[in-house]
Amino acid sequence: MKKFVLMAAVLATALFGATLASSAATLVANIDVSTQTMTVSKYGQVLYRWSVSTARKGYFTPRGNYRPLRTARMWYSRKYDNSPMPYSVFFHGGYAIHGTGAVKYLGRPASHGCVRLHTANAATFYAMVREAGFGNTRIVVTN
């Protein structure tokens, strides 16, 4: 009987551990609005820390925990004069992490609400999201 209980405990631990591991995100993008930075981690190891631009005065970048909804290699904003949004990773409605040509504004609020990155960094993040998959990616936006 002891042997049976011990085996059941080992099996339960293995199954529970596998469940936890599968629910954890492989890829995490932490966007800190107060520091205007995005930190990208894979399997808990920080790989990149980039300057970003989030919403300027009068606009809002949504806070919270998200999964990517869709991606677009090149998107043009329907709301803001067909502005180009290269390497877009949409995470909440029309809000996306995407590249920008306005790199002189990175590191301070400047957008209409999206998270802007240097286009080369946006391309890197876009490729990482596509490789990891939407279900294994988390986007966390905090103050």
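Data overview
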| read-out | value |
| --- | --- |
| Which listed residue is out of contact with any Phe, Trp or Tyr (no Cβ under 6 Å at 6 or more places or on another chain) and farther than 16 Å from residue 37 by Cα, from 87, 95 | 95 |
| Among the residues listed as 67, 49, 108, 78, the single one being surrounded by fewer than 20 Cβ atoms within 10 Å (Cβ to Cβ), modelled with pLDDT under 95 and either among the basic types (Lys, Arg) or within 13 Å of residue 27 (Cα to Cα) (or both) | 78 |
| Condition met for residue 61 (part of a strand (DSSP E or B), polar (S, T, N, Q) and either surrounded by 15 or more Cβ atoms within 10 Å (Cβ to Cβ) or under 15 Å from the mean Cα position of the chain (by Cα) (or both)) | no |
| Unique match (being among the charged types (D, E, K, R), part of a strand (DSSP E or B) and out of contact with any strand residue (DSSP E or B) (no Cβ under 6 Å at 6 or more places or on another chain)) among 73, 49 | 73 |
| Subset of region 44-79 [β-branched (Val, Ile, Thr) and touching a Gly at 6+ places or on another chain (Cβ under 7 Å)] | 61 |
| Those residues of region 122-141 which are buried (at least 22 other Cβ atoms within 10 Å of the Cβ), in a helix (DSSP H, G or I) and out of contact with any Ser or Thr (no Cβ under 7 Å at 6 or more places or on another chain), in sequence order | 122, 125 |
| Among (1) farther than 23 Å from residue 25 by Cα; (2) at pLDDT 95 or above, the one test that residue 96 misses | (1) |
| Residues satisfying the stated conditions in region 81-93, i.e. over 14 Å from the mean Cα position of the chain (by Cα) and surrounded by 15 or more Cβ atoms within 10 Å (Cβ to Cβ) | 83, 85, 86 |
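The values are calculated or read from the model by the stated rules, or taken from the named source; none is laboratory data. Note that the coordinates shown come from a computational prediction; the quantities given were computed from them, not determined experimentally. Backbone-built Cβ (ideal geometry, glycine too); neighbour counts: all protein chains shown.
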